[in-house]
Amino acid sequence: MQVFNEALAALGLSEVVRVLPVSSGYPSPKQVNLVLFRREETWLFESSAATSEIVAEIEGALDAHSVQRLDALLVTHCHGDHAGSAGIIAGRGRPPGERAPIYLHSAGYRFLTHPEAAFLQETYELFLARSHWGLLEYGALSQQDMVEHALRKRFQHYFAETPKRALRFVDRGALPEGVIAVATPGHSWDCVLYLDLRTGVAIPGDTLLVTGAPQRPDSHGFVIPIFTAAGQSYSMAFEHYLQTLRVLREFFRTRPVRVVLPPHGKFAVTEPLRWVEFAEQYFVQLYRALVTEFFGSPARRREPFFARDLAPFVPTAGAHPISTPGHAFGMLCALADEGYLGLEEHPHTRQISFTLRELPPPDYLEARLAEPPGPLPIHGER
């Protein structure tokens, strides 16, 4: 890992690519990194939340780089800290109602076209996921509890309503010249990683995260992202992320990626295959904690348990405290899909309990990660 400016300077890209940290609006991480490309055209990757304070901050950052107008705005996924203000920022320097093309995956666009309705639906999914993990009882929450909950109200105004005609869907082949996108679901169903072929710069969304303070080398590290709820229930996010790891291992091996600029943190990733190795090892350790430590007790092998019960036994993802319970839950559901565990969902609480039917093999996760990725889901490559 290298600090952004140092990594770009070493590659001779300082005049072409700039990283613009702005507020995310979220409690953690507090900043999101927008990436500005200045060549014949001006592109911006990512846009933060649509609050007036953050929009003013983004406008100020663009002013500081003398950006009068954007030719393209590309977002990696439709979360508020990555896409919320896209419909506003894409209109910079243009007549009212006109916008630069906004590129994104089609799976998440309703957060822009109908943000209130889409966010209300995600509210229920968030509480349902936490109930599945055994942290809440879904039936004990009234609709009013959910709608008025601080978890929702904090973020409900982070998206600016944007008409679909302003959007260009990368999974349908719409991309600026010289950019390819690879589908990387797991953190979210609609996440993509962009690669600018001329510079070798990749913009990964929240799939690939780093942490640490530049002045403290001992704090530098990679982070596994939280798995978000929308469109990804039970084992889906876990399976998506394993496939994303297989895809990115092959993508980083075979495509001209010189540097990856994560959306949070202060570091560029100059050896992306090292991140893949870290992520694979994290899930292997998560699995081993279940098989050797949690199931090491004969009593726990006999009794039903919840995903929350694994918390003392599993490693941390190093990020949000809710990350590892979500990872563990997805893994347990995947093992239930395979028949190693039984799965039962309580109809009122919506809590999911698991029972051990057959101890899975010790190399199960290594074998899953070693599976070939199949054809890479790359858009825009000719």
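List of remarks:
- Residue count, the range 64-81 (criterion: closer than 16 Å to residue 202 by Cα and in a loop (DSSP other than H, G, I, E, B)): 3
- Verdict on residue 130 being modelled with pLDDT under 95, crowded, with 19+ Cβ neighbours inside 10 Å and either of a type in the set (A, V, I, L, M) or not in a loop (DSSP other than H, G, I, E, B) (or both): yes
- Some residue of the range 329-338 being in contact (Cβ under 8 Å) with a residue 60 or more places away in the chain, surrounded by 15 or more Cβ atoms within 10 Å (Cβ to Cβ) and within 30 Å of residue 21 (Cα to Cα): no
- Residue that is nearest to the chain's Cα centre (by Cα), among those in the range 158-207 that are of a type in the set (Asp, Glu) and surrounded by fewer than 19 Cβ atoms within 10 Å (Cβ to Cβ): 171
- Candidate set: the range 262-300, residues that are under 20 Å from the mean Cα position of the chain (by Cα) and polar (S, T, N, Q); chosen: the one surrounded by the most Cβ atoms within 10 Å (Cβ to Cβ): 270
- Qualifying residue in the range 44-59 (condition: charged (D, E, K, R), in a loop (DSSP other than H, G, I, E, B), under 25 Å from the mean Cα position of the chain (by Cα) and crowded, with 19+ Cβ neighbours inside 10 Å): yes
Conditions tested, residue by residue: (1) out of contact with any strand residue (DSSP E or B) (no Cβ under 7 Å at 6 or more places or on another chain); (2) closer than 26 Å to residue 110 by Cβ; (3) modelled with pLDDT of 95 or more; (4) of a type in the set (Lys, Arg).
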{"site": "230", "(1), (2), (3), (4)": "yes, yes, no, no"}
{"site": "234", "(1), (2), (3), (4)": "yes, yes, no, no"}
{"site": "247", "(1), (2), (3), (4)": "no, yes, yes, no"}
{"site": "253", "(1), (2), (3), (4)": "yes, no, yes, yes"}
{"site": "257", "(1), (2), (3), (4)": "no, no, yes, no"}
{"site": "263", "(1), (2), (3), (4)": "no, yes, yes, no"}
{"site": "268", "(1), (2), (3), (4)": "no, no, yes, no"}
{"site": "273", "(1), (2), (3), (4)": "yes, no, yes, no"}
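- Flag if residue 316 is among the polar types (S, T, N, Q), over 14 Å from residue 134 (Cβ atoms) and in a loop (DSSP other than H, G, I, E, B): yes
- Residue-level check: of (1) in contact with a His (Cβ under 8 Å, 6 or more places away or on another chain); (2) part of a helix (DSSP H, G or I), residue 290 misses just (1).
- The lone criterion from (1) polar (S, T, N, Q); (2) part of a loop (DSSP other than H, G, I, E, B); (3) modelled with pLDDT of 95 or more left unmet by residue 353 is number (2).
- Filter pass, residue 85 being within 27 Å of residue 184 (Cβ to Cβ) and among the hydroxyl-bearing types (Ser, Thr, Tyr): yes
Let's see how each residue does on (1) surrounded by fewer than 16 Cβ atoms within 10 Å (Cβ to Cβ); (2) touching a Phe, Trp or Tyr at 6+ places or on another chain (Cβ under 9 Å); (3) in contact (Cβ under 8 Å) with a residue 12 or more places away in the chain; (4) farther than 23 Å from residue 274 by Cβ:
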{"site": "14", "(1), (2), (3), (4)": "yes, no, no, yes"}
{"site": "18", "(1), (2), (3), (4)": "no, yes, yes, yes"}
{"site": "23", "(1), (2), (3), (4)": "no, no, yes, yes"}
{"site": "28", "(1), (2), (3), (4)": "yes, no, yes, yes"}
{"site": "34", "(1), (2), (3), (4)": "no, yes, yes, yes"}
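- Matching residues, the range 45-69, being touching a Leu at 6+ places or on another chain (Cβ under 9 Å), farther than 24 Å from residue 105 by Cβ and of a type in the set (A, V, I, L, M, F, W, C): 61, 62, 64, 67
The values are calculated or read from the model by the stated rules, or taken from the named source; none is laboratory data. This structure is a prediction, so every number in the text was calculated from the model and none was measured. Glycine also receives a Cβ, built like all others from the backbone with ideal geometry; neighbour counts cover every protein chain displayed.
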